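The values are calculated or read from the model by the stated rules, or taken from the named source; none is laboratory data. Values in this document were obtained by computation on a predicted structure and should not be read as measured data. Virtual Cβ from ideal backbone geometry, glycine too; neighbours counted across all protein chains shown. Only protein heavy atoms, including side chains, enter the accessible area calculation; ligands, DNA and RNA are left aside. Shrake-Rupley method; radii C 1.70, N 1.55, O 1.52, S 1.80 Å.
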Amino acid sequence: MSANDILDVLNVQRDESKQPVKKKQKTSNDPYGSGQRQSGMARELYNLLGPNTPPVNLPLAGTAASKASLKLKASPWTKMPFKPNKHNTDSKDVTFSHWVKGSRELLEQEEAKKPYFFEKYNVKIDIPELVDEETYEKFMEEIKEREKRIREERRQREKEKREQEARDRERREKEQKEQKEAANIGDKSDSKSSEDEMKVKSEDSPIKDKKEDKEKAESIHANDKESYNTISVDDSSSKDAKDSQESIEAAEVEPEDWSYEETQYLFELCGDFELKWPVIYDRFSYPTHRSVEDLKEQFYRICIKILENQSTSNPALIESLSAYSKPRELERKQYLENLLRRTPAEIAEEESLVIEARRFELAAKKMLIERSHLLTLLDSPQTTQQVQQFQSSQGLTNLYNNLMIIDKNQKKRQLQQQQKQVTTGNQEPVPPPIPIAASSSFKKDRSFQTHLQQYLSGLLKQSQNLNPNVKRESNAIQQLLMKRLTQKEEEAYGLFFHGTEKLNPGVILRSTQKLPGLQQKQSVLKSVNAVLQELDIPTAGGTSWKPVMPTRKTMTKYDELIRSVVALLELKKGKDKLEAEIRLIKSQRGLQ
Amino acid sequence: MSSAANSTTVYGGDEINAIVLDPGSYHTRIGYAGNDFPKVLSPSYYASPADESMEAEENKKPVRRIFGEDINVPRSNYNVHPILKDSVIVDWDAALDQYSYYFKKVLNIEYNEQPILITEPVWAEPKYRQTLVENFYEYYDFPALYLAKTPTCVSFQQGRPNCLVVDVGHDSVSVTPVIDGICLLKNSMRTHYAGQFLSDQIKDLIESKKKENLSVEGIYKIKSKIPTVFPEPAEFTTRNLPDKITKSYDEFQKQKIWHEFKETILEVPERRLTSPNMQQAATLKEFYSSESHQRAFEFPTGQSLNLGYERYQLADSLFDPQVYKFHNEELAKKYPPNGGELLLKSKYDDYRPLKRVRKAESNQSTPPPVESPTKGDKSGKSDVRGLSQLITHTLSTIDIDLRASVAHNIIVTGGVSLIPQLTERLYNELTNTNPGLKIRLHAVGNSTERSNQSWIGGSVLASLGTFHQMWVSKEEYDEAGAERILNSRFR
């Protein structure tokens, strides 16, 4: 029974105005109302609420479900014993217990089959097993021999290098001496003027001498230590070189022999600490003092030997192992060390340099962009179709429309690109693609040339492609085209720059060209024709007046002539008019 | 967690309720792995009757020992003893007694149900470790145990496998590089310029002022008090106490005062207080003596003392251990100049090879650790390393390839590191001395977490599923032998 029912029973007029509101509410309450309307009692109670909405959206439908869920049995958790190292026979069994979801019986069944979940993470690194002492000794012999050979080779190389450098130095010194002598002679001859020079020299020379001394001393030193490699010292970087020299010396000192036990110990540690070299070095407490590099070297070279003697070995692995080089490693670390030893001032300087470099880069990119914009402006549309189709007015409008569309698209694209740059934030500006006509070789040859030049150079290129034999010749022409020519030369070559003149695309014969002076009325033209015939000036014939030989000069002269003829005719016409008028007035006055 | 990306990652935890024991030189922490805080946090001290201990030795009767906060109850004739020194157990009987007290009486655990993880300092000697392991196997009935190095635990707590753990604790300051969760022992350093050093300085400072009407009494003696300020005499009444309160008990109570002083008053100055420039030193002193830098410390007697420059000077001694000059000769002797090098023993120490070839040590990228402190003694003053010098030195000894990553992950831990401004000062000094490295300090913000960080790390470690293959059972220990287990399993 709803409130409406009661109103019906009591015959009370329903408030019509509230009706739609109620309906609306009913529908809005529907989602949770529908489920609850099934039971009569709740529906009546709910309807008694009338137009008011319940204050809290109670999960009416959920009550039954939650009751049902309460009846469910709690999922069992069992404290299960487990062995973390089930398959590892090395370790003694320890049993721990953890809580697992599921009933005991079920879990016990499963447990028997499954290994401990985390056991799969317990992986051991695969290291070749150390061979017995005898083979080890053999290996070491071989290794030593090989290394000795390498060392000797290197020594030889270094020696040669040193000798070469010594020769160079001698030559340099000689040259210097000669120069000095020459200067001295010069000084003598012109002592007064070179007084300043002398001063500079005297300041300079002790330093030079000292340097030379140093060099000499070092070369002696090098000779003493014939067995060591000495890098000949350059004046500027004497300190660095000394460092490296020392390092090489250190590497060259015959390393302490690795006994079998020590190697065994090393292999053990490598296995225990999974080749984490810093840790191995840390735990390596054999009385012989080894560096990480020593340890690595020994391990790798022994491994190589072991693997080489195995039938089933991976050659790639051996190669990668033999890539290790102790001196190089030491050198690398030395570099790193130096890098870290920079002072704050040096770091700051470096940073500022980097920033500056970046600025330059940005500027260069910006310039590229601007240039490409400029090039797009210079770019003229290329003719791909025949000229005839543009000779009619329809063709021209088509062309115009096409050009407009292209232009619009270009603008739009530029806008889009700009927007993209804005949205992507501080991304460095990327220069837009250079238009085809302006790009690469095309750009180089054509963009800054006139059409004639373009045409010519294009032609040249074609001929080049066709006939490689004319290459040289054409090159000369090309060079000529690139040059700035004087007026005379231009005339001689028949070059002409059109400047502001409007040109039609395509090839035009001057004989078909219309002269600008001919844009006159037909009647005028007739009289012009008469005048020309009168003056006996030859034309190409027909209605189009042309000189017989339409060269540029004759064309312009001809044009001039026609213009002056037209002007003359006009003048004559005016004169005639005026005369007629005078006559008329005279006759009117009766003067005649 | 519901996203698909996470479905591939495995939840690495697997609780087996292992016990984690972290004996520190000030506090001992015991609790269950997987918890975020130890269940038991007890001072590493015990109280025992002074005369009884003698009798017990004779009669083979167990000594009656009191642990935990109960130590603070004033009893007649009860001595207070430390169990650990430098995070190393020195009083084995008491230690085992204390642990079994907590295991059985407080936590009520069955030994055989779970393994135990024990933390140990980096400088623990092989012999000590062996004793520790053997004692635990014999004395208790744990099925398995594991020794974890404290810095390793700290690195686990922070989840940083490569880091430099700077532990500013009670007895010692230690700096340990951790690589892939394994401590590098040769590069580790330790000095004693830590909490106890500060406490002794405070004690020295207060004692020197004691003549001028400053009365310092343990809180246990005070019944009532009226607040006064230092030049005025203290006004308080004492409690009725059992007679024959021992000296060690009184000292223990006074230590608490120093400790409180340390926690509330000290602050690290922005810059080194001693400088070769006298002018600058004077201005610094003036600056820190100003009114705004003064704090008052109230002693249990109700008397409060205003301190300005001293509170900075004391804290500065962590960075510059020689800034404070002891009035008391004996205390000064307690802290000989210490460069922080650790003496590590190995089984090969007595063996010397016959042929020694000169090595160019200067050029090795991994500088060999300084072999003996005697070498440093000659250089004298420069050998005393404050906190930042200690770290810088450690950084300079680490392999060049690791240096950058380690410098970027410096973890500052330990209770004394909670002194205000300590990390800031440390950061400034380290960035100044290592311009080429990018220094980053990590310090837990929560103060209780910072002082118990190693326990929490142990708790993390022992609750990992992958860790359960690492436990070492007694049988395995017996079979493989102490040395092998200690070196290759408890790494």
Quiz item: Say each of A:Tyr324 and B:Glu483 gets a label point 7 Å from the Cα, pointing the same way as Cα to Cβ; how far apart are those two points in nm?
Solution: 2.6
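Let me check I have the definition right: for region A:517-591, take the eigenvalues of the Cα gyration tensor, multiply each by 5, take square roots. What are those semi-axes in whole Å, largest first?
Rounded to whole Å, the semi-axes are 34, 11, 9.
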Exercise. Give the interface area between chains B and A as buried accessible surface, both sides summed, probe 1.4 Å, in Å² to the nearest 100.
Key: 4900
Self-check item: Dipole of chain B, positive direction: furthest Cα of B:Asn77, B:Pro231, B:Phe490, with charges on the beta-carbon
Solution: B:Pro231
Exercise. With a cut-off of 15 Å, note down the residues of region B:68-97 whose backbone N falls inside the zone around a label point 7 Å from the Cα of B:Tyr139 toward its beta carbon.
Key: B:68, B:82-85, B:88-97
Quiz prompt | Span from the region B:183-224 Cα centroid across to the region B:84-146 one, whole angstrom | solution = 29
Practice problem: Quick one: of A:Lys144/A:Lys305; A:Lys408/A:Lys502; B:Lys203/B:Lys325; B:Lys254/B:Lys285; B:Lys149/B:Lys254, which pairs are farther than 21 Å apart, Cα to Cα? | Solution: A:Lys408/A:Lys502; B:Lys254/B:Lys285; B:Lys149/B:Lys254
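Hey, got the average number of other protein chain Cβ atoms within 10 angstrom for residues in A:331-344?
Mean inter-chain Cβ contacts per residue within 10 Å come to 4.
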Self-check item: Difference of contour (0.36 nm per residue) and Cα-Cα distance, B:Arg271 to B:Gln130
Solution: 46.3 nm
Quiz item: Can you give the average number of partner chain beta-carbon atoms within 10 Å of each beta-carbon in peptide B:186-196, as a whole number?
Solution: 1
Practice problem: Collect residues whose amide H, placed 1.01 Å from N in the peptide plane, falls under 5 Å from the amide H of B:Leu464; neighbours closer than 5 in sequence don't count. | Solution: B:Asp14
Self-check item: Fraction of accessible area attributable to carbon and sulfur, chain B (%, probe 1.4 Å)
Solution: 50
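On a full-extension model of 0.36 nm per residue, what is the gain between A:Glu137 and A:Lys120, subtracting their alpha-carbon distance, rounded to one decimal in nm?
Once the chain is fully extended between A:Glu137 and A:Lys120, it gains 2.3 nm.
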Self-check item: Nearest-0.05 FRET efficiency for B:Asn328 and B:Glu212, computed from C-beta distance (R0 22 Å)
Solution: 0.85
Quiz item: What are the residues of region B:419-442 that lose 10 Å² or more of accessible area, with a 1.4 Å probe, going from their chain alone to all protein chains?
Solution: B:Pro435, B:Gly436, B:Leu437
Quiz item: So for the pair A:Glu108, B:Ala296, with labels modelled 7 Å out along Cα→Cβ, what separation do we get in nm?
Solution: 7.2
Quiz item: For peptide B:13-24, how many partner chain Cβ atoms fall within 10 Å of a residue's Cβ, on average?
Solution: 2
Quiz item: How long is the gain from A:Ile355 to A:Arg342 if the chain were fully straight, where each residue apart is worth 0.36 nm and the alpha carbon distance is subtracted?
Solution: 2.9 nm
Quiz item: With the Cα gyration tensor of region B:220-346 giving a ≥ b ≥ c as the square roots of its eigenvalues, does the rule (a/c under 1.5 for rounded; else a/b larger than b/c for prolate; else oblate) give rounded, prolate or oblate?
Solution: oblate
Quiz item: Taking the simple approach of a point 7 Å from Cα along Cα-to-Cβ for both A:Thr554 and A:Leu317, what is their distance in nm?
Solution: 9.3
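In terms of the Cα gyration tensor, with a ≥ b ≥ c the square roots of its eigenvalues, is region A:110-184 rounded because a/c is under 1.5, prolate because a/b exceeds b/c, or oblate?
Oblate shape, in that a/c is at least 1.5 and b/c is the bigger or equal ratio.
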Exercise. Using only the Cα atoms of chain B, build the gyration tensor, take square roots of its eigenvalues as a ≥ b ≥ c, and label the shape rounded, prolate or oblate: rounded if a/c is under 1.5, else prolate if a/b is larger than b/c, else oblate.
Key: oblate
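Report, in deg cm²/dmol and to the nearest 500, the calculated mean residue ellipticity at 222 nm for chain B, where each DSSP H run with n ≥ 4 adds -39500 (n - 2.57) and the sum is divided by the residue count.
-9500 deg cm²/dmol
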Self-check item: Cross-link pairs B:Lys105/B:Lys127; A:Lys161/B:Lys186; A:Lys365/A:Lys411; A:Lys411/A:Lys553; A:Lys79/A:Lys124 - those with Cα-Cα distance over 32 Å
Solution: A:Lys161/B:Lys186; A:Lys411/A:Lys553
